[in-house]
Each structure stands twice: as C-alpha cells, then as structure tokens.
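See below for the structure under consideration.
The values are calculated or read from the model by the stated rules, or taken from the named source; none is laboratory data. What you are looking at is a predicted structure, and each value in this text was computed from that prediction instead of being measured. Glycine also receives a Cβ, built like all others from the backbone with ideal geometry; neighbour counts cover every protein chain displayed. Accessible surface is based on the protein model in full, side chains and every heavy atom, while ligands, DNA and RNA are left aside. Shrake-Rupley method; radii C 1.70, N 1.55, O 1.52, S 1.80 Å.
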Amino acid sequence: IIYFCVSRIYHDYKDKAMQHSDSYKAMLEAVQAFHDKHDFKNKGGEEMTYRMALMAEELGEIGACVTKGKSKEQLAEETADLFILLIGTAISADFDLKEAFWAKMDKIMKRDSKMVNGRIRVSEFRD
C-alpha cells in the first residue's frame, strides 16, 4: 500500500510537471514528491548540515565541469542537482523560496556594480 501511494504521488507529480514544466510550483511539487518517496523527513535527509554538505559536493561537481571542460549537458545536470537541493532546502527549512528569490532580486537590482580585477561585481560594497 505504501509503495502504491508513493508511486501514485510520483506519477501525479510527473504528469503535472510535464504539463507545467516551467512552473516553480510544479518543480516544488516534484522535489516534495522526491522527499516523500525517500522519507527524507524521518531519515535525516532534511537535516541542514547534511544538506549543506550535499550542496557543497554539488558545487564541487559544477566546478569540475567548468575547470575540466566537460560538456554543457554535464554542467546542466550538475546545476540541476544543486537546484533540486536548493528547492529541497526550502522545503526542509520551511520557507518560501520563490518569495525569498523575488525579495532578493528587488534588493540586488538596487545595488551598484564595480569592476574588480577586470570583472563585474555587484555587491553592497561596504567600505
């Protein structure tokens, strides 16, 4: 029965995701279904220091793609892994990532930029 319920959740989310693949809501539901399928909440998968370690690992894999000249497809896959972890972190920590994203965009759009070592840098530039 449990397998059937989890399987049904997975297929429901997949159907929705295919219909609304550009929707943040569909992505959030897909990651929640993944968490539910593997019972992250009760098996340590939502513990923040563990999640931080997983994100650092994925960031390292992105770095390896860039520094070792791996394909765009490999870079996209590793970036998607990190994105899924970020969405899952919002689920685990119980905050609205979409709301946080737009609040941060509003904030950073007001910032100035500088050239630092020949590259653009956008920051608060505390003196």
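General observations
- Å² of accessible area per residue within the range 24-127, as computed with a 1.4 Å probe and no ligands counted: 75 Å²
- Order by protection proxy (mean Cβ within 10 Å, highest first), peptides 42-48, 105-111: 42-48, 105-111
- With a cut-off of 15 Å between beta carbons, the residues surrounding Glu61 carry a summed charge of -3, where Lys and Arg count +1 and Asp and Glu -1.
- Nearest-0.05 FRET efficiency for Val116 and Phe95, computed from C-beta distance (R0 22 Å): 0.10
- Most tightly packed first, judged by the mean number of other beta-carbon atoms within 10 Å of their residues, the peptides 54-66, 27-39 read 27-39, 54-66.
- In the structure shown, the pairs Lys41/Lys104; Lys72/Lys98; Lys43/Lys68; Lys41/Lys98 are assessed against 30 Å; a Cα-Cα span above that value is assigned to Lys43/Lys68.
- For the peptides 115-121, 71-77, residues were scored by their other Cβ atoms within 10 Å and the scores averaged per peptide; the highest-first order is 71-77, 115-121.
- Count Lys and Arg as plus one, Asp and Glu as minus one, and take only other residues whose Cβ is under 14 Å from that of Lys107; the net charge is then -1.
- Label-zone membership for the range 87-127, site Tyr50, 7 angstrom Cα→C-beta point, backbone N under 20 Å: 87-95
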